[in-house]
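The values are calculated or read from the model by the stated rules, or taken from the named source; none is laboratory data. Please read all numbers here as calculations on a predicted model, not as lab measurements. Reconstructed Cβ throughout: ideal geometry from the backbone, glycine too, with neighbour counts over all protein chains shown. Just the protein is used for accessible areas: all its heavy atoms, side chains included, with ligands, DNA and RNA removed. Shrake-Rupley method; radii C 1.70, N 1.55, O 1.52, S 1.80 Å.
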Amino acid sequence: MNLFAIDSEKQTFESAAVWSTGSDHGCSSIGLHPDGLLLGIGRENGSIGLWDLSSQKMATTFETNGAAISAISFSEKGVHIATANTEGTVSVWDLRKQKSIATITADADATVGCLSFCPIGKYLAYGTGKGDVIVTVVKDWDKKIVMSDGKSRITGLVWGKDAKSVIVTNDSSRVVKLWEAKA
């Protein structure tokens, strides 16, 4: 893994650190904790490592069902980490207790390629290979809102500042779509 330092005056990047993640399995996704001190590393074997950037050591590891991790997101205060995998499972952990608190399964054969907690901490959204954006209510993980165009795989999503909108993109229609909450 490489960490690059940015020199804004020279507009250059310089390698600041290179380290091994301590696993024989390749990295399939990464996410940065809101405090900037922990890096979540999703692996091809389904495990998730939390890397302490200041000590450059693995802080802890979480194990999943074995499918490659396709996306990682930390909650706005860094209390939870959510991961998605290539078999359509979203897992949520409480970092304080270091235990799983929710497992959400997408529809059959719907891979999950992206996910994100909203900036106010109320929702977690994820995009599927079937073209659905599913929004779950944090702490009531079974409550879901489904937004769908059913056309093609969702490849990215971001929340609007106030969590009243979600912007998504998909792979084949070449469209960026804005979904807004009704007032």
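List of remarks:
- Which of 96, 43 is most accessible, then next, and so on - probe 1.4 Å: 96, 43
- Only Cα pairs under 8 Å and 6+ residues apart enter the sum, and on that basis the relative contact order of the range 39-183 stands at 13 percent.
- If the segment from residue 144 to residue 79 were pulled out straight at 0.36 nm per residue, it would be longer than the present Cα-Cα gap by 21.3 nm.
- For the range 117-182, the Stokes-Einstein estimate of translational diffusion at 4 °C and a viscosity of 1.567 mPa s comes to 109 µm²/s, using the Kirkwood hydrodynamic radius over alpha-carbon pairs.
- Counting 0.36 nm for each residue step from residue 56 to residue 167 and taking away their Cα separation leaves a gain of 36.6 nm.
- Residue 99-residue 174 FRET efficiency (beta carbon distance; Förster radius 35 Å; 0.05 resolution): 0.25
- Lysine pair count for the range 83-176 (Cα-Cα distance under 13 Å; residues 8 or more apart in sequence or on different chains): 6.
- For the range 76-116, pairs of C-alpha atoms spaced more than 17 angstrom apart make up 33 percent of the total.
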